[in-house]
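See structure below.
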Amino acid sequence: MKKLLVLFALIALVLGSLTGCASEPEVTGPETVKVGIAIYKFDDTFMTNYRNEMEAYLTGMNNDTVKYEVSITDGKNDQATQTEQIDSFIAQGFNVLIVNLVDLTAASTIIDKVKAAGIPTVFINRQPSTADMGMWDKITYVGAKAEDSGTYQGEIAVDLWKANPALDKNGDGIMQYVMLMGQEIHQDAALRTEYSIKKVEAEGIKVEKLFEERGNWDRVLGQEKTAAAIAQFGDKIEVVFGNNDDMALGAIEALKAANMVVPVIGVDATAPALDALESGDLAGTVLNDHVGQARTSVDKALVLLAGEAVEKEYWVPYVKVTPENYKDFK
Ligand code: GAL
Ligand code: CA
């Protein structure tokens, strides 16, 4: 008798699952997807816009079937701190990671870890080497071609120079310039420095580098370095290039304090930079499209999560921003 009952129960179970009419209705909430985002440091204007957009874009996709739980960490510009944060994402079983490395030389260590844990990862803003990216097929990189941002800065300088002969203050036909560079570890710093000047020279304008120092993407450092350049070269300075807007805005403060008017060109097109373009303080900048990059990185994270194949890298274009078109970006 007991055996018979068990048999009936089994048959009922099988039939139930076949016809789909289980006796109890299933209670299912949305599936939770945990997304860990590691930022190199929070105190960075461009990366702040970037991370806010990633979070807004992800949570904006929440619905009845899926809920994105986003956790964002501040690496405080210290790789050991960031590595601990990534270890903790792994220990907590996060589903996918988006990583803005502090130190590119740590890429292989991080890739070893996420690979061992089987957690697909999108690198952003700081590009690991080709060799590192080859370590696993569930990683990808989203960025912008730094060469292009440099070339656009060069174009802005050339156009200004050709339109205003008075910019050549000493009339020697040579563009005497100051270069404020970003952090050493970053491809954007080296390539913007190189390609901005390459473009000016390619247009047949001679250049003379008066001063080239690192402001590490930082506004205060940009101001201090420019003040130092002014102390050394004063009115010899004819153009200032900043590898990003924060340093360019710092340079403008230093120039104002010295009662000097010199064209300053940045990169990023942050809100304060666009204001400075409007007021005429900033000569030009280049849109570093944080919205496009944020959404592309999230989209690729979701592609990886779905188990689909990705390319090794994805590029979001830069756009030249001048007094003529800045309103389009405000
Ligand atoms: C650059 C950006 C800088 C800074 C840096 C951080 O692309 O232009 O302003 O945010 O990334 O890695
Ligand atoms: Ca000159």
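The values are calculated or read from the model by the stated rules, or taken from the named source; none is laboratory data. Keep in mind that what you see is a predicted model, and the values were worked out from it rather than measured. Backbone-built Cβ (ideal geometry, glycine too); neighbour counts: all protein chains shown.
Here are a few things to note about the model shown:
- Members of region 32-48 found to be over 17 Å from V303 (Cα atoms) and either crowded, with 18+ Cβ neighbours inside 10 Å or over 10 Å from the mean Cα position of the chain (by Cα) (or both), listed by number: A38, I39, Y40, K41, F42, D43, D44, T45, F46, M47
A quick yes/no check of all residues on (1) within 15 Å of ligand 2 (Cβ to nearest atom); (2) closer than 26 Å to Q187 by Cβ; (3) assigned by TED's automatic domain parsing to the domain that holds N49:
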| position | (1), (2), (3) |
| --- | --- |
| K206 | yes, no, no |
| F211 | yes, yes, no |
| R214 | no, yes, no |
| V239 | yes, yes, no |
| N244 | no, yes, no |
| L249 | no, yes, no |
| M260 | yes, no, no |
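- Any chance I39 is modelled with pLDDT of 95 or more, under 13 Å from I98 (Cβ atoms) and touching a Gly at 6+ places or on another chain (Cβ under 7 Å): yes
- Taking the listed residues A166, A157, the one that is within 16 Å of ligand 2 (Cβ to nearest atom), at pLDDT 95 or above, aliphatic (A, V, I, L, M) and crowded, with 22+ Cβ neighbours inside 10 Å is A157, with no other qualifying.
- Just one of (1) more than 16 Å from ligand 1 (Cβ to nearest atom); (2) buried (at least 19 other Cβ atoms within 10 Å of the Cβ) fails for V102. It is (1).
- When residues of region 153-195 are limited to those that are polar (S, T, N, Q) and more than 13 Å from ligand 1 (Cβ to nearest atom), the one nearest to the chain's Cα centre (by Cα): Q176
- Top-ranked residue of region 230-265 - restricted to ones that are polar (S, T, N, Q) and crowded, with 17+ Cβ neighbours inside 10 Å, ranked as farthest from E212 (Cα to Cα): N244
- With respect to being in contact (Cβ under 8 Å) with a residue 40 or more places away in the chain, exposed (fewer than 15 other Cβ atoms within 10 Å of the Cβ) and out of contact with any helix residue (DSSP H, G or I) (no Cβ under 9 Å at 6 or more places or on another chain), Q85 falls outside the description.
- Given (1) within 30 Å of K34 (Cα to Cα); (2) in a helix (DSSP H, G or I); (3) within 16 Å of ligand 1 (Cβ to nearest atom), number of the condition P317 does not satisfy: (2)
- Residues in region 170-191 that are out of contact with any strand residue (DSSP E or B) (no Cβ under 8 Å at 6 or more places or on another chain) and within 16 Å of ligand 2 (Cβ to nearest atom): G171, D172.
- Hey, R214 out of contact with any Ser or Thr (no Cβ under 9 Å at 6 or more places or on another chain), closer than 28 Å to D78 by Cβ and within 16 Å of ligand 1 (Cβ to nearest atom) or not: yes
- Comparison of S88, S71 shows that the only residue that is more than 17 Å from the chain's Cα centre (by Cα), modelled with pLDDT of 95 or more, closer than 30 Å to A273 by Cα and not in a loop (DSSP other than H, G, I, E, B) is S71.
- The set of residues in region 237-296 being in a loop (DSSP other than H, G, I, E, B) and free of Cβ contacts under 8 Å to residues at least 24 places away in the same chain consists of N259, V261, S279.
- Condition check for A116: of a type in the set (G, A, S), in the same structural domain as K300 (by TED's automatic domain parsing) and part of a helix (DSSP H, G or I): yes
- In the set (1) away from ligand 1 (no atom under 16 Å from the Cβ); (2) touching a helix residue (DSSP H, G or I) at 6+ places or on another chain (Cβ under 6 Å), A273 fails one condition alone, (1).
- Among the residues of region 129-154, those that are buried (at least 18 other Cβ atoms within 10 Å of the Cβ) and of a type in the set (V, I, T) comprise I139, T140, V142, T151.
- Breaking point among (1) without any contact (Cβ under 8 Å) to a residue 40 or more places away in the chain; (2) small (G, A, S); (3) touching a strand residue (DSSP E or B) at 6+ places or on another chain (Cβ under 7 Å), for G307: (3)
- E224 passes every criterion in (1) of a type in the set (D, E); (2) part of a helix (DSSP H, G or I); (3) more than 13 Å from ligand 1 (Cβ to nearest atom); (4) within 20 Å of K320 (Cβ to Cβ) apart from (4).
- Count of region 129-148 residues, restricted to those that are under 17 Å from the mean Cα position of the chain (by Cα) and in a loop (DSSP other than H, G, I, E, B), is 3.
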